[in-house]
1. Restricting attention to region A:695-733, which residues are surrounded by fewer than 22 Cβ atoms within 10 Å (Cβ to Cβ) and among the small types (G, A, S)?
2. Take the residues in region A:795-831 that are small (G, A, S) and assigned to a helix (DSSP H, G or I), then tell me which one is farthest from A:L902 (Cα to Cα).
3. Of all residues in region A:226-251 being among the small types (G, A, S) and surrounded by 14 or more Cβ atoms within 10 Å (Cβ to Cβ), which is farthest from RNA strand B (Cβ to nearest atom)?
4. For region A:1-115, list the helices (runs of 4 or more DSSP H) that sit wholly inside it and hold at least 1 residues that are among the hydrophobic types (A, V, I, L, M, F, W, C), closer than 22 Å to A:T136 by Cβ and at pLDDT 90 or above; which are they?
5. Can you confirm whether region A:969-977 contains a residue that is touching a Ser or Thr at 6+ places or on another chain (Cβ under 8 Å) and among the hydrophobic types (A, V, I, L, M, F, W, C)?
6. Could you count how many residues in region A:676-694 are within 19 Å of A:H277 (Cβ to Cβ), crowded, with 21+ Cβ neighbours inside 10 Å and out of contact with any Asp or Glu (no Cβ under 7 Å at 6 or more places or on another chain)?
7. Do we find a residue being touching a strand residue (DSSP E or B) at 6+ places or on another chain (Cβ under 9 Å), surrounded by fewer than 19 Cβ atoms within 10 Å (Cβ to Cβ) and without any contact (Cβ under 8 Å) to a residue 40 or more places away in the chain anywhere in region A:137-149?
8. Here are some residues: A:V928, A:V869, A:V895. Which one is aliphatic (A, V, I, L, M) and in contact (Cβ under 8 Å) with a residue 60 or more places away in the chain?
Amino acid sequence: MLYITRRLGRSCSEPVINGGLCRIFRSLPHMPSYHPKVVEPRWQQVWEENKTFKTPDDSPKPRYYILDMFPYPSGAGLHVGHPEGYTATDILARYKRMLGFNVLHPMGWDAFGLPAEQYAIQTGTHPRTTTQNNITTFRRQIKMLGFSYDWDREVDTTDPNYFKWTQWIFLVLFDTWYDADQQKGRPIAELPIPPDIKGDAAVRAYRDRKRLAYQAEVPVNWCPALGTVLANEEVIDGKSERGNHPVVRMPLKQWMLRITDYAERLLDDLETVDWPHAIKEQQRNWIGRSVGAEVDFRLMIDDCRLNSQSSIINYQSSIGVFTTRPDTLYGATYMVLSPEHPLIDAITTPSQKSAVEAYQIEAAGKSDLERTDLAKKKTGVFTGAYAINPVNSEAIPIWIADYVLVSYGTGAIMAVPAHDERDFAFALRFKLPIRPVVLPPKRWFEESKVFKILKKMGVDPRFTSEKLSQPESHAETLNRLEVDVLSKSLRYLDAFGQDFYKVMEQLYRDHVEIFPECFADEGVVFNSDGFDGLSTAEFKKQIIAKLESEKRGMRKTNYKLRDWLFSRQRYWGEPFPILHELDAAGNPTGEIEAVAISELPLCLPVVEDYRPTGNPEPPLSKAKDWLFVERNGKRYRRETNTMPQWAGSCWYYLRYIDPHNANVFCDPAKLKAWLPVGLYVGGAEHAVLHLLYSRFWHKVLFDRGHVPVAEPFQKLVNQGMILGDTDYHLTIAAFDANREQIDKLKLNVIRVKDDEKGEICVLRNPSSDPDRFCPLTEEQIVKEGGKVYLKDTRIELTGRSDKMSKSRKNVVNPDDVVNEYGADSLRLYEMFMGPLEAVKPWSTRGVEGVFRFLNRVWRLVIDDRHDAVKLLDAVQDVEPDKETLRLLHHTIQKVTNDLDGLSFNTAISTMMELTNHLTKQTVRSKSVLKTFMLVLAPFAPHIAEEIWHALHQRAGSVSDGLSSLAYEPWPSYDANLLKADTVDIPVQINGKLRAVITVAAGLDKAALEEAAKGDEKIKPALEGKTIKKVIVVPGKMVNLVIV
RNA sequence: GCCGAAGUGGCGGAAUGGCAGACGCGCUGGACUCAAAAUCCAGUACCCGCAAGGGUGUGUGGGUUCAAGUCCCACCUUCGGUACCA
């Protein structure tokens, strides 16, 4: 009781934000009313002590694996976004248990990663400590919400018993090569060694090159502020996803995972999983498969005065380009290499050398951001060299330009300015020739500006017949394009008259330069030797076949997806179980060894200083005792990079199945029993990162026989983001103009950055707690003519829900919500807000609404005028009346269907309707209430347990043992009971509602029609009219069509 | 630009092609109370009307249908993803 009194005192001092709380506790005289603070811990204790939700491995029941995306335990604690997905899965887990399933529903911590380390560096504590503290907070907060996890299966990615197996899986990747013929990852020992590879060292090097985990010197995203490299996926607009720090490109030797080998299967197997369409599309886009041809362009040796170091040229005297449009080969008028292309040095002519080198330096210095910013203005330099187009032997100039990326395709393109937007823009800029080879369809011509000019002839008074015959001499009244079009089209107009399509076709063939638009679609081939007249699709096939037969090119598929950059220069991550051999002088020999599995886990060394070194040398290199080891008389240096945060989360769903196994990562029999995951719920922000990486690892494990299925997650659902409560804001200018008035109202003003408006001012109510979120209430604003004003002023405001963020100070803390309304209310509200997948704004009033609902449920059964939890006298052992029984069964049916379809919000509204009905009854059937509690239990388990318990107590007895309803069978509904005796049938005349008639249920068509025609309101409307048609849908409606 | 999702009262949202706005919030009125809170009851899309009643309404414009929020076509807006990927 004490805490309640204290709460009361505190909360009433803050009427604006805690209005709800005041109301709750002012009702205290009527004890015992519904007090979640008493009820919820009691049942949480019962579940914990009895291990109610422990998942047995040997149960004969059918199995169901419901997985949440485990959280990163940040210092900020749980966010209201977390319980959204967790509540949804918990409801389903509880529901499935009642349906008789053996449910696997675990939770754990994705605890390695940058933020913990950043925080640790700032505060001077070891990341281990901060991570443990954060986990403790998260665990407490999650337990407080009453989720039915099997806590005996908790995993922590930073636990050596866990990351031992993360390292083991890395070694599986290290031990695997991809057999393209079999489309399968196989042991490295089975890799065929080509006959020209001779000697141990050469064989080892060859193997190392083929492993799925390999080292490579690659241009990486180095983030100086974070002191690490980042994966492409972690860089957004040239800045780090975490922290928004600048990222620069530099070449570094890094560990890579060969995810590109699995691109095709990652793409194909999307067909086999039940995932949201949008997520599948995102993955498809990310993998970015495109089919085309790789075509060899021979270099024109004579014309490019080779510089002295031209040995490469002799060895490889052609440049391969990748194109998805080999059907436009005849339109290639120049070639472009990316500034990083290895052949540039060799082919550049002396006169172009300085310009080329200057451009290369300029391009290298540009960040990705700058490259994108300048995307509209194409830049480039001519190398002086020429290549020979294999289809027509034409010499075309070779340029370098940064619009060609070194990392895609071959890093070189053939430019077809007539049929590619980028090449078109480049050609215009540098006055390179444009040669059309695909004739656009009529539709494209009709949308061209040229067509509009032709159409104006004879209509537009500016186009006099005199000007038409001499357009060149009227440049002062006609614009450039008009002059060009008219002068060029004169002779075609003579030939084809008003057939503008014909005219334009000829213009396109002969004077493509006057078209301001680029045609980049499919069409009919011309200007292409013997292939003219073919469709581009057909020509594509034929030209690829021809190139292949002449060995000048081949069919080729490319992917946007790049290999996964897997190493980080940080302390707080899994160490790589890899040793680098050293020679007598202590220098690396280049040979690498896997750490023996018996030596795993390889733990992080204890170091004084785990800060980044400021350069790409990882902090682990400072741990000299740990760094050097001897094995079999050889000296080694350990790998000092650590794995990225994604490593641990790639396979945690497997470890849950057998979390304490010391011999294998997971028992194969258990994997077979539980996989795949039946339902996986989490945020859409992981659409391409986590979900693609873990599918990749899973497939490697599958190929190597370690998991029994090819896809890990059968069904995936994304919960939508929860936005902050509605906030009112105004622009800085408006704020400054009205400063006095706003100051008078004593409002808090928070300045925040806004994407569109620069900076805006959010108005809030003041609060004693600076972190408190107190938006303006509806009483403080006035709506008028579609606009919103601050009350008693003419200050116009904008109302909007924003993402929750520290800077906006609109973060809702689950602790506060549970404190004020209880876990059941939080759970229920999160589900009641709207569809699980939708983005929804938080509303404090809305939480109060579901809290009121739970109070009504409580008072349905419990007498709140007594001191003990006692049933109301109205609750009796009686048979329910027909209507109540019908509603109960309707509720069971609706909730059952809604749970199967994950429509939690409508399930809750149905239970509200039942409650509203029962509230009106003076005598309430105990059996109905018991059934209702079973239906409510998955959603609001604490209150349901409490009331269920009360309903089962014998009169007078208070202390029966507390036993859970968690495994009571889910109620079934009787379809016969769902039928009402009478039904309301709408009657329409010409499709408009004119009456609603109440008739006996099950009336046939003829009887319904008669009843409708006989209705008092319908009769007069039919008088004197002829009924043309009658539509009767039995049990639904009647529509009378009259003349 | 491209890909995806979505536009319904004052707000969150509900509706297998068949009564648009369930349920909740907010608001209005009433009951209880010395009073308030809580609770309970009634009302609440908009317009005209004292009322009965009538009209209009699901982003816009067309179409299919006896009947369209729902299906088709075109467009607009918002949100999410992505961006020189040849």
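1. If the condition is that a residue be surrounded by fewer than 22 Cβ atoms within 10 Å (Cβ to Cβ) and among the small types (G, A, S), then A:G705, A:A710, A:G720, A:A733 are the ones that fit.
2. Among them, the one singled out is A:A823.
3. So the residue we want is A:G227.
4. Helices (runs of 4 or more DSSP H) meeting the threshold: A:36-49.
5. yes
6. Final tally of qualifying residues: 5.
7. yes
8. When all the criteria are applied, what remains is A:V869.
The values are calculated or read from the model by the stated rules, or taken from the named source; none is laboratory data. Here the structure is a predicted model, which is why all the values come from computation and not from measurement. Positions of Cβ are backbone-derived with ideal geometry, glycine not excepted, and every protein chain shown enters the neighbour counts. Note: areas computed on protein heavy atoms with side chains; ligands, DNA, RNA excluded. Shrake-Rupley method; radii C 1.70, N 1.55, O 1.52, S 1.80 Å.
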